[in-house]
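Some notes on the structure that comes next.
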Amino acid sequence: MNLLIIGSGGREHAFADCLRRDAPNATIYAAPGNPGMLGKAELVDIQAADIRGLLDFAAARRIDLTVVGPEAPLAAGIADRFAEAGLPVFGPDRAGARLEASKAFAKRLMRDCGVPTADHETFDEAAAALDYVAGHEEPLVVKASGLAAGKGAIVCETRGEARTAIEEMMVDRKFGDAGGRVVIEEFMRGVELSVFFVADGERAVPLLTSRDYKRVGEGDRGPNTGGMGAYSPAAPANPDFVDEVRREIAQPVLEAMAESGSPYRGFLYAGLMLTATGPRVVEFNCRMGDPETQVVLPLTSSNLLEPMLRVAHGDSLAGWRPEAAPGHALVTVLASAGYPESADSGRPIEIPAFDPGEVRVFHAGTAMKEGRLVTAGGRVLGITGFGGTLEEAARRSRAAAARIRFDGAHSRSDIGWHELDPGRLAPEESARIHPSGTASGG
């Protein structure tokens, strides 16, 4: 079997580990991949945006399954092009990718099919957006409608901050065309949770729950990033709750997409806010999250290649249910100096050996230069620790991160605090994720 992974980050490194486990004799390619994937996959010098090059490569190598990691090629229609060429691909088509590529589209869809989300309005003109903010209750959230690498959602404590966010997005074009249209929504109070589904166009099958941390600083302070860490499973993870999310959120979206003539096939990410009135959608993604993939996939013990192949061939997921390994996983992201505003690069990296049963290091922004491993991005490495309890997984992740060296490295040491230190939560928030009144973790 010949497999192709598209992308170069920590998510794709986790895919390579997963597919190598599920298909030990397969030939696995990664385009462009990263140095951490060597030994799991053969790296191919084709960028994720080069759809024509990827298509030609997949056809020439008779690729049996292509797994698309990042959102940008999906939004550009890579799945459509592969399907037209008769090449099996796992990932939604361009129409399905609008759930992430256009927050305005996703909001309209949720409104039409009754999926709970924040009250909101969409604007194409800065003047109208500024007028709306002038009469809106504080705080509020300003979001670039398009793809902004996870950094396009700004929580604004005041109207002044919201005005600045609008001007930066719509006038200064901080996020390029992605910010030409903005969604302004009410601030939802609660605790966030990530739920990933494998979707076959008709049904959504949930994977493990997780919780990620977007703010760059300790205590959830500072600007948003692509993600500074995550853990899994994350409370509430009981089957009844997850099934409620499937029935009330994922299934209505799949049904609406199918009715529109665009069945959704691939990973579907539901970013939720656990509010006093129940789970509400913060956003949808058309792919697995990063760094959540680095904790969810290692804990998913069942074969994932089989359902991916089913979906890629247009078959049903009926009867398939994923199994999870016991224990917990927590990933700490090591980032470059200046991240998220900038990304230092070219700094030599030193990674000691770790017991793979306790710690795995996923490469996200690395490269080889003159025979040395160096930094090549904002988020450089994801250090995933495993343990019988969340405390043990966190301890192993943080201890390993402290042993890795490169100039300017910074990370958060409080990933998982929602369950490791639940006393920091407001009582009502604690009750939402710990209905029994106790923290999970072992």
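The value obtained for the range 187-269, namely the Cα convex hull volume divided by the number of residues, is 124 Å³ per residue. Spatially, the range 11-79 and the range 309-323 are offset by 20 Å when compared through their Cα centroids.
For the range 75-148, the per residue solvent-accessible surface stands at 41 Å², with DNA, RNA and ligands left out and a 1.4 Å probe.
For the range 1-77, trypsin sites (Lys or Arg not before Pro) are listed when DSSP marks them as loop and at most 12 other Cβ atoms sit within 10 Å of their Cβ; the list is Arg62. If R0 is taken as 35 Å, the Cβ-Cβ distance between Asn238 and Ser260 corresponds to a FRET efficiency of 0.60. For chymotrypsin sites (Phe, Trp or Tyr not before Pro), the sites in the range 154-221 that DSSP calls loop and that have at most 16 other Cβ atoms within 10 Å are Phe187. Of the accessible area of the range 52-203, with the probe set at 1.4 angstrom, what percent is carbon plus sulfur? Ligands and nucleic acids excluded, carbon and sulfur reach 45 percent.
With an a/c value of 1.5 or above and a/b larger than b/c for the gyration tensor axes a ≥ b ≥ c computed over the alpha-carbon atoms, the range 279-384 is described as prolate. Its Cα gyration tensor gives the range 45-101 an equivalent ellipsoid, and the semi-axes of that ellipsoid, as √(5λ) in whole Å with the largest first, are 18, 12, 9.
Site-free segments of the chain were taken between GluC sites (Glu not before Pro) in DSSP loops having at most 12 other Cβ atoms within 10 Å, sites themselves excluded; the longest one is 158-322.
Report, ordered by chain and residue number, the aspartates and glutamates lying within cross-link reach of Lys214, taken as a straight Cα distance under 15 Å and ignoring same-chain residues fewer than 8 apart. Counting by Cα, and skipping residues close in sequence, Lys214 has these aspartates and glutamates nearby: Glu192, Glu283, Asp290, Glu292, Glu341, Asp414.
Annotation note: trypsin sites (Lys or Arg not before Pro) in the range 337-442 located in DSSP loop regions with a Cβ neighbour count of at most 10 within 10 Å are absent. Counting DSSP beta bridges with both partners in the chain, what percentage is antiparallel, nearest 5? Looking only at bridges with both residues in the chain, the antiparallel portion is about 80 percent. Site pair Val171 and Ala426 shows an inter-label distance of 3.3 nm when each label is modelled 7 Å from Cα along Cα→Cβ. Largest first, the residues Lys143, Lys214 sort by 1.4 Å accessible area into Lys214, Lys143.
Pairs from the table (Lys107/Lys174; Lys40/Lys107; Lys103/Lys369) lying more than 28 angstrom apart at Cα are Lys40/Lys107; Lys103/Lys369.
The values are calculated or read from the model by the stated rules, or taken from the named source; none is laboratory data. Only a predicted model underlies this, so the values are computations on that prediction, with no experimental measurement involved. Cβ atoms come from the backbone with ideal geometry, glycine included; neighbour counts cover every protein chain shown. Heavy atoms of the whole protein, side chains included, go into the accessibility calculation; ligands, DNA and RNA do not. Shrake-Rupley method; radii C 1.70, N 1.55, O 1.52, S 1.80 Å.
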